[in-house]
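Chemist: Below are the structure tokens for one structure; questions will follow.
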Amino acid sequence: MYKIVRKKELNPTVTLMDIEAPFVAKKAKAGQFIIFRIDEMGERVPLTVAGTDKEAGTVTIIFQKVGFTTKALGELNEGDYIRDFVGPLGKPTPVEGKKKVCVVGGGVGCAIALPSARGFKEAGAEVTVIVGFRSKDIVILEDEFKEVADHFIMMTDDGSYGRHGLVTQPLQELLEAGEQFDEVLAIGPVPMMKFVAKTTQPFGVHTSVSLNPIMIDGTGMCGGCRVTVGGET
Ligand code: NAD
């Protein structure tokens with residue numbers, strides 16, 4: 001059983017929880033995920049590790065309450081327990097050896113972009129972070145991004161906070177101004193990641209995105225998560 005030691009509502013639909021899971025906390029790296037089950041009959045849900053506190057033995061998860069299980073998890077409180085919390089799973093984001101990177105986060109995808117931005121920073125890179133939200137009232141993790149970013153750009157679709165426009169706009173401007181990124185990492189809705197890739201392509205900048213296929217066993221063995229891109233699986 002895994003105890004919920006902290007719960008914080010980040011916006012009306014997005015919740016952060018710290019879960020006591022010392023073995024996961026000890027090993028998890030940026031970009032890896034866990035699978036949780038609330039109870040024995042529960043659905044298995046994968047979530048990216050948003051952060052760890054190795055000393056306290058806790059793992060931070062951030063989730064949007066969109067389906068049956070995430071809504072049920074959102075009903076639990078500090079002091080409550082969940083049944084299973086398995087991880088770390090997946091391959092860590094390759095953060096080593098980069099001088100300059102740009103991490104682009106869109107909406108809820110920012111929960112996943114943050115640990116990678118932190119990972120790049122800890123590995124010695126200069127990190128530019130561009131985040132985008134529909135409006136000011138749903139902005140999450142601004143202070144946390146500012147802590148790890150050398151340059152931070154906030155965008156909102158309606159102009160209610162930061163700059164007015166989509167995340168691809170400042171990215172295009174930076175690239176046109178001659179900014180040389182070793183890597184651009186984009187995490188957010190699929191159209192956003194598509195347009196980030198289209199923005200960087202003419203400049204030949206190595207670009208990674210975070211695909212969210214169906215996940216079943218969480219190890220890659222069942223094949224449910226396989227994706228074919230450009231004829232390659
Ligand atoms: P959203 O639709 O509000 O978009 C967030 C930001 O992305 C926008 O503010 C904008 O700056 C940018 N964006 C969106 N469409 C764009 C486009 N066509 N071109 C350029 N920029 C664009 O996002 P949301 O509702 O907060 O996020 C929910 C989506 O994020 C869901 O589809 C969810 O599946 C996805 N998501 C993906 C990941 C991942 O790992 N890729 C993780 C969490 C959530």
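Chemist: What angle do you read, to the nearest 10 degrees and between 0 and 90, between the alpha-carbon axis of helix 110-122 and the longest principal axis of the chain?
Modeler: The angle comes out near 70 degrees.
Chemist: Then there is this: Net charge near Glu147: determine it from the other residues with C-beta under 12 Å of the C-beta of Glu147, scoring Lys and Arg +1 and Asp and Glu -1.
Modeler: Net of charged neighbours comes to -2.
Chemist: Treat every Asp and Glu Cβ in the chain as -1 and every Lys and Arg Cβ as +1, leave all other atoms uncharged, and give the resulting dipole magnitude about the Cα centre to the nearest 20 debye.
Modeler: For this selection, approximately 360 debye.
Chemist: Hey, in the GNM for the chain with a 10 angstrom Cα cutoff, which one of Thr219, Thr156, Thr93 fluctuates hardest?
Modeler: It is Thr219.
Chemist: Please give the per residue volume of the convex hull enclosing the alpha carbon atoms of the chain, rounded to a whole number of Å³.
Modeler: Spelled out: Cα convex hull of the chain, divided by residues, is 127 Å³.
Chemist: Also: Distance cut-off 20 Å, Cα to Cα: go down the list Lys26/Lys98; Lys54/Lys100; Lys121/Lys146; Lys3/Lys54; Lys7/Lys54; Lys26/Lys71 and report the pairs above it.
Modeler: With Cα atoms farther than 20 Å apart: Lys26/Lys98; Lys54/Lys100; Lys26/Lys71.
Chemist: With every protein chain present, what accessible area does Val24 have (1.4 Å probe, heavy atoms only), rounded to the nearest 10 Å²?
Modeler: Answer for Val24: close to 10 Å² accessible.
Chemist: Would you mind checking the tilt of helix 190-200 against the longest principal axis of the Cα atoms of the chain, expressed as 0 to 90 degrees and rounded to 10?
Modeler: With both axes taken from Cα atoms, the answer is about 30 degrees.
The values are calculated or read from the model by the stated rules, or taken from the named source; none is laboratory data. Since the model is a prediction, treat every value here as computed from it, not as a measurement. Note that we place each Cβ from the backbone using ideal geometry, even for glycine, and neighbour counts take in every protein chain shown. These accessible areas exclude ligands, DNA and RNA; they are computed on the full protein's heavy atoms, side chains included. Shrake-Rupley method; radii C 1.70, N 1.55, O 1.52, S 1.80 Å.
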